[in-house]
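Data block below; observations after.
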Amino acid sequence: MSVESIIAKIEQNKEIYIEFLRKLIQSDSVNPPGNEKNVALAIKDFLKDVHIKTDIFPFGDNRANLIAYLNENFKGKNLLYNGHMDVVPPGSETDWKYPPFSALVKRNKFMYGRGTSDMKSGLAAMVIALKVLKELNFDLTGNLILNAVADEETGGKFGTGWCIDNPLKPIKFNFAVIGESTGLSPLPKAILVGEKGHLIIKIRTNGISGHSSMPAMSKNAIYMMSEIIENLDKVDEYIPKSKPPIKLDKLKKLLAVTFPSKDVFDNILNEQSELESLLQSLISYSKALTMIKGGIKENVIPDSCEAVLDVRLLPGQQVEPIIEALKKLIRDDLGYLVKDDSTSPSQKVFVEIEIVTASEGSYWENWEESEELNEFYELVEKLYEKKPFYFLLPASADAHYMRNDGYCPQTILFGPGKGRTAHAIDENIEILDFIRAIKVYAIFAYKFLSKK
Ligand SMILES: [Zn+2]
């Protein structure tokens, strides 16, 4: 009866919800610089007529985090819904089929715009679920807490990280959902129980500049960098081996549930090299050199060269050994002095290593034993009319703030949208996907919080 009333309410108010999502897309929150307060105010406004306690925590220049509570007590189970308000820049607007902040709805089926998939649709669906539960005025023992955060696209320290260390710190959560898009089209929806870590390292070689007619009198920083790059793979030998959270065979089994038979799955796996590379990325650490910069003039020996290394860590893998391995290569194998925060060399020729951002991966160890997760799975299967699959995120999200340090290991990622369109030109969301996600969030919260 109650579940039916939730579905009926969502069906009735569909148009209002689509308009609310459009409003969030149109609220500028491009990060950098952020301006997430625009989105926070739109959420607060949407919730105001149902008297939901909503706190906005402003910071910086027009930035903010938001927390809204279904009720005022924390005596029962606590469920956390988390979604980020910021979006990445749209790139060249003329490349878009439709203006990226128009939130244009096409044939009543798709909405286009920056943030439709990553992740204002997931965020809007969570806000709506909260409102629906409040409006239906159920007698629930637990509490649903919505956390709309800033800063996710630039590391999350001032968003999820801050909220967990401050206003959310005293609350003990039994379960958390991050509403990132988890559609891996053409596959069905994924429910993600782990994510990789992300480390960005800047390497700077410092040489001695001089006239390029007499190169022997100088030390060319570009040559120094090229030596490092040529030998970069040696770093792998110096990094302690890490085990993947889920072995390759098991990952394949998890994926296979979405296919009609094992043979079909095996065929697809053989034909699609993309799928194989996705699986590989989930069982190993990776590194990629993504930027390089050096030189100021054609006839000057460069005294400085900078390169950026993007490293993706397995859950459980730590940052420190990676940095140590890199230092070992540069210092012991190549013979250069390495400067870090603790040293300031007197010589002119040296290499600097700087950590630009670092977030470790995270993984919910005991996900297979969770009854609640199983219920979530069954609900998704029912509402999406297809079996979802458990999987890992090859990128990184805010989940490490919750899973690591024991705050709330039982955190999953699940949300509307296709991961492939996130950060891309012509990002879009299927309206049906959005509506289904609202139902999943609302019904799951209702069931979860009804239990003693
Ligand atoms: Zn996102």
Subject >> One residue from LEU146, LEU130, LEU140 being out of contact with any Asp or Glu (no Cβ under 6 Å at 6 or more places or on another chain) and in a helix (DSSP H, G or I) >> reply: LEU130
Original post:
Which of the residues that make up region 132-177 are under 18 Å from ASN35 (Cβ atoms) and of a type in the set (Lys, Arg)?
Top reply: LYS157
Original post:
Just a yes or no: is a residue in region 345-356 within 19 Å of the chain's Cα centre (by Cα) and under 27 Å from GLY156 (Cα atoms)?
Top reply: yes
Original post:
In the list SER213, SER185, which residue meets the criterion of being in contact with a Lys or Arg (Cβ under 6 Å, 6 or more places away or on another chain) and not in a strand (DSSP E or B)?
Top reply: SER185
Original post:
Which members of region 72-111 meet the condition of being among the acidic types (Asp, Glu) and either free of Cβ contacts under 8 Å to residues at least 24 places away in the same chain or away from the ligand (no atom under 16 Å from the Cβ) (or both)?
Top reply: GLU72, GLU93, ASP95
Original post:
So LEU334 clears everything in (1) within 16 Å of the ligand (Cβ to nearest atom); (2) not assigned by TED's automatic domain parsing to the domain that holds LEU187 except one condition, right? Which one?
Top reply: (1)
Subject >> Cβ pairs under 7 Å, 6+ apart, first in region 9-21 and in contact (Cβ under 8 Å) with a residue 60 or more places away in the chain, second among the hydroxyl-bearing types (Ser, Thr, Tyr) and part of a helix (DSSP H, G or I) >> reply: LEU21/SER121
**OP:** Only one of these is farther than 30 Å from ALA442 by Cβ, surrounded by 14 or more Cβ atoms within 10 Å (Cβ to Cβ) and not β-branched (Val, Ile, Thr): GLY183, GLY207, GLY179. Name it.
**Re:** GLY207
**OP:** Look through LEU80, LEU41 and report the one residue that is assigned by TED's automatic domain parsing to the domain that holds ASP398 and surrounded by 20 or more Cβ atoms within 10 Å (Cβ to Cβ).
**Re:** LEU80
Original post:
Name the residues in region 21-54 that are of a type in the set (S, T, N, Q) and not in a strand (DSSP E or B), would you?
Top reply: GLN26, SER27, SER29, ASN31, ASN35, ASN38
**OP:** Please tell me if GLU427 is over 21 Å from LEU168 (Cα atoms) and away from the ligand (no atom under 15 Å from the Cβ).
**Re:** no
Original post:
Could you give every pair whose Cβ atoms fall below 7 Å, whose first residue belongs to region 426-446 and is under 18 Å from VAL87 (Cα atoms), and whose second residue is buried (at least 21 other Cβ atoms within 10 Å of the Cβ) and of a type in the set (S, T, N, Q), counting only separations of at least 6 or pairs across chains?
Top reply: GLU427/THR116; GLU427/SER117; ASN428/THR116; ASN428/SER117; ILE429/THR116; ILE429/SER117; ILE429/SER121; PHE434/SER121
**OP:** Would you confirm whether any residue within region 339-348 is β-branched (Val, Ile, Thr), in the same structural domain as GLU237 (by TED's automatic domain parsing) and touching a strand residue (DSSP E or B) at 6+ places or on another chain (Cβ under 6 Å)?
**Re:** no
**OP:** Quickly run through region 172-182 and pick out the residues that are away from the ligand (no atom under 14 Å from the Cβ) and either in a strand (DSSP E or B) or of a type in the set (D, E, K, R) (or both).
**Re:** LYS172, PHE175, ALA176
**OP:** Give the residue, chosen from ALA216, ALA221, that is small (Gly, Ala, Ser), in contact (Cβ under 8 Å) with a residue 40 or more places away in the chain and more than 16 Å from the ligand (Cβ to nearest atom).
**Re:** ALA221
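The values are calculated or read from the model by the stated rules, or taken from the named source; none is laboratory data. Just so it is clear, the structure is predicted and the values come from calculations on it, not from any experiment. A quick note on method: Cβ atoms are made from the backbone with ideal geometry, for glycine too, and the neighbour counts reach across all protein chains shown.
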